[in-house]
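Notes follow once the structure below has been shown.
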């Protein structure tokens with residue numbers, strides 16, 4: 001079943017598309033979306049369509065920071081009822097806890113986790129493994145950009161994070177990144193996150209309105225998911241976030257969710273799954289992303305998938321895919337090179353042979 005996201009995730013799409021030289025209506029239609037979704041912020045639309053839209057928009061416009069540019073003018077009101085509840089919390093910490101609780105009502109493909117240490121707080125955002133693997137860069141930059149906008153509504157427009165880490169490579173032009181994320185950006189990191197000081201989370205919100213918060217809470221509770229479905233989805237998110245740390249056990253996941261292990265086991269069983277089968281399925285999706293589609297060193301991929309050594313990844317990958325990770329990556333590179341050569345041969349500048357081939 002496809003993950004869904006609120007159509008409000010496309011707020012500012014038309015403005016950024018036009019500024020980048022694109023026709024937003026044509027781009028939406030090509031991605032399988034009706035232009036009317038821009039007028040229905042609470043409509044839930046397929047993540048795959050949003051991913052395709054952002055990817056093709058970035059590619060056709062040449063704007064590598066397309067998703068980040070969409071985040072620049074975001075407001076809490078763009079988050080609908082969840083935004084109302086976030087806005088009226090007493091502290092930023094309370095607001096982030098609300099966001100984690102209701103994340104699936106906003107975006108079914110995004111996972112949020114907050115880790116606190118002695119002197120820093122790490123706010124991680126990751127895309128859940130699944131079918132919508134397109135435009136990981138655009139979607140994660142949009143998500144982190146929106147998070148920074150949310151934090152600045154509590155901490156002030158001039159506030160800067162200690163660091164912003166992105167798992168993908170740096171773009172050619174860092175202008176938009178420095179404008180929205182500050183100058184302490186690290187690319188090709190192990191995961192995507194915002195690093196801030198613990199005191200930032202405890203900043204008081206002078207505009208908090210408890211009465212409005214109660215009203216928004218009642219509205220959200222009325223539209224809440226069934227407990228079984230909620231736990232199942234939350235287990236997936238916890239596994240995704242805990243895998244790279246090597247702490248992805250059912251005990252750790254239950255602790256993260258605030259339930260006992262038996263509850264996790266029971267909810268998974270209700271949906272015909274076990275904890276180990278879910279972890280394995282998520283590992284397979286991550287392996288496709290990092291081994292078959294990415295270029296990270298396999299030692300790093302092993303760590304991201306929760307293996308203590310590359311040999312563990314090697315044995316597991318061979319069992320699941322029938323060949324080694326190294327062989328699979330080599331085959332993919334050969335296929336890419338062959339496709340590039342064929343494309344080059346089709347181009348007119350390669351002479352009459354290329355033209356004749358193209359006519360065929």
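The values are calculated or read from the model by the stated rules, or taken from the named source; none is laboratory data. Since this is a predicted model, take the numbers as computed values, not measurements. Methodologically, a virtual Cβ is constructed for each residue, glycine included, from the backbone with ideal geometry; neighbour enumeration extends over all protein chains shown.
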| Going by the conditions given, is residue 225 under 25 Å from residue 106 (Cα atoms), part of a loop (DSSP other than H, G, I, E, B), in contact with a helix residue (DSSP H, G or I) (Cβ under 8 Å, 6 or more places away or on another chain) and modelled with pLDDT under 80? | yes
| Some residue of the stretch 21-38 being within 18 Å of residue 143 (Cα to Cα) and outside any helix (DSSP H, G or I) | no
| Are there any pairs with C-beta distances below 6 angstrom linking a residue in the stretch 12-32 that is assigned by TED's automatic domain parsing to the domain that holds residue 53 and free of Cβ contacts under 8 Å to residues at least 60 places away in the same chain to a residue that is exposed (fewer than 13 other Cβ atoms within 10 Å of the Cβ) and in a helix (DSSP H, G or I), with the two at least 6 apart or on different chains, and if so which? | none
| query | Filter the stretch 278-292 for residues that are under 22 Å from residue 137 (Cβ atoms) and over 18 Å from the mean Cα position of the chain (by Cα); which is surrounded by the most Cβ atoms within 10 Å (Cβ to Cβ)? | reply | 291
| Is one or more of the residues making up the stretch 191-202 on the phi > 0 side of the Ramachandran plot, in the same structural domain as residue 52 (by TED's automatic domain parsing) and within 17 Å of the chain's Cα centre (by Cα)? | no
| request: Looking only at the stretch 108-118, decide whether some residue is touching a helix residue (DSSP H, G or I) at 6+ places or on another chain (Cβ under 9 Å), in a helix (DSSP H, G or I) and assigned by TED's automatic domain parsing to the domain that holds residue 139. | output: no
| field | Number of the exception - residue 275 against (1) crowded, with 18+ Cβ neighbours inside 10 Å; (2) within 18 Å of the chain's Cα centre (by Cα) | value | (2)
| remark: The residue that is nearest to residue 298 (Cα to Cα), considering only those in the stretch 154-170 that are at pLDDT 95 or above and buried (at least 17 other Cβ atoms within 10 Å of the Cβ), is 166
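Could we say that residue 104 is within 22 Å of the chain's Cα centre (by Cα), in contact (Cβ under 8 Å) with a residue 24 or more places away in the chain and crowded, with 17+ Cβ neighbours inside 10 Å here?
It is true that residue 104 is within 22 Å of the chain's Cα centre (by Cα), in contact (Cβ under 8 Å) with a residue 24 or more places away in the chain and crowded, with 17+ Cβ neighbours inside 10 Å.
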| request: Run down 134, 150 and say which single residue is farther than 20 Å from residue 238 by Cβ, part of a loop (DSSP other than H, G, I, E, B) and modelled with pLDDT under 95. | output: 134
| request: Name the residue, out of 97, 12, that is under 24 Å from residue 232 (Cα atoms) and surrounded by fewer than 21 Cβ atoms within 10 Å (Cβ to Cβ). | output: 97
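Test residue 174 against the stated conditions and say whether it is within 26 Å of residue 6 (Cβ to Cβ) and either in contact with a strand residue (DSSP E or B) (Cβ under 8 Å, 6 or more places away or on another chain) or assigned by TED's automatic domain parsing to the domain that holds residue 79 (or both).
When the stated conditions are applied, residue 174 does not pass them.
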| request: Could you check residue 234 against (1) touching a helix residue (DSSP H, G or I) at 6+ places or on another chain (Cβ under 9 Å); (2) modelled with pLDDT of 90 or more; (3) surrounded by 15 or more Cβ atoms within 10 Å (Cβ to Cβ) and say which number it fails? | output: (2)
